[in-house]
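The values are calculated or read from the model by the stated rules, or taken from the named source; none is laboratory data. Computed from a predicted structure; not experimentally measured. Heads up, the Cβs are rebuilt from the backbone with ideal geometry, glycines too, and the neighbour counts pull from every protein chain shown. Keep in mind that these areas ignore ligands, DNA and RNA; they rest on the heavy atoms of the full protein, side chains included. Shrake-Rupley method; radii C 1.70, N 1.55, O 1.52, S 1.80 Å.
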Amino acid sequence: MKSVENPLIFIVDDNKLYTKVIVTFLKTHKFTNVETFTSGEDVLKELKRKPDIMILDYLLGGIDGLEVLKKAKEIAPEVDVIFLSGQENINVVVDAVNHGADYYLVKNNPETMNNLIRRLDKILTVHKVSATHKRFKTGVTFFFILLVVFIIVIILIAQKVGFSYN
């Protein structure tokens, strides 16, 4: 993830009014780096820009959201995907999750937008923890490398001054 502070979010939904609602809601919750697409074909052309998160509808004009998900995971496997769809069919949900969707939210539920924000926050928290873990591992590795170098230098100095271990 390029930025956990201001992640690049792609929204893919052919309903322009609903998309506008999502964008407005996200911006009121400090998610300002948002771009919208009305078709799967359009978003696939832009995946080379490596969005951090994609909010994806299932029913789109042209290819459906599941096909977009499959191709998106080939192009940008690290992108986190939240399905936001009116489809409540359990097979659609299972297929989406099996192909790499992180979450599946149903539209038009009174809590949908709040659940979306919670899911976005959870994704960002996971990435923050992962980045912290990675920095910690790097720091520990660096410490032990320095320790080994220090020990080697001490041994070399001891040999130069004629110190014997016996």
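Please report, in Å, the Rg and the Dmax of the chain, where both are computed over Cα atoms only.
Gyration radius and largest Cα-Cα distance of the chain: 23.7, 83 Å.
Rounded to the nearest Å, what's the spacing between the alpha carbon centres of the stretch 21-54 and the stretch 59-94? Just the number, please.
14 Å
Not counting ligands, DNA or RNA, and with a 1.4 Å probe, what is THR141's accessible surface area in Å² rounded to the nearest 10?
Accessible area, nearest 10 Å²: 80 Å².
At a probe radius of 1.4 Å, what is the per-residue accessible area of LYS45, in Å² to the nearest 10?
The accessible area of LYS45 comes to roughly 130 Å².
Once you have the Cα-Cα distance between ILE155 and THR32, take 0.36 nm times their residue separation minus that, and quote the gain in nm to one decimal.
That pair, ILE155 and THR32, stretches by 38.6 nm at full extension.
Calculated FRET efficiency, HIS133 and LYS73, Cβ-Cβ r, R0 22 Å, to nearest 0.05?
0.40
Sorting check: for 147-155, 108-116, which peptide has the highest mean count of neighbouring beta carbons within 10 Å, and how do the rest follow?
Answer by packing, highest mean first, reads 108-116, 147-155.
With Rg and the Kirkwood Rh both taken from Cα atoms, where does Rg over Rh land for the stretch 84-166?
1.51
Which FRET efficiency value, to the nearest 0.05, is calculated for PHE143 and GLU5 with the Förster distance at 41 angstrom and r the Cβ-Cβ distance?
Computed FRET efficiency for PHE143 and GLU5: 0.90.
At 1.4 Å probe size, with the rest of the protein present, what percent of the exposed accessible area of the chain is carbon and sulfur atoms?
The C+S portion of the solvent-accessible surface of the chain is 61 percent.
Extension gain ASN15-ARG49, at 0.36 nm per residue separation less the Cα-Cα distance, in nm?
Roughly 9.9 nm would be gained on extension.
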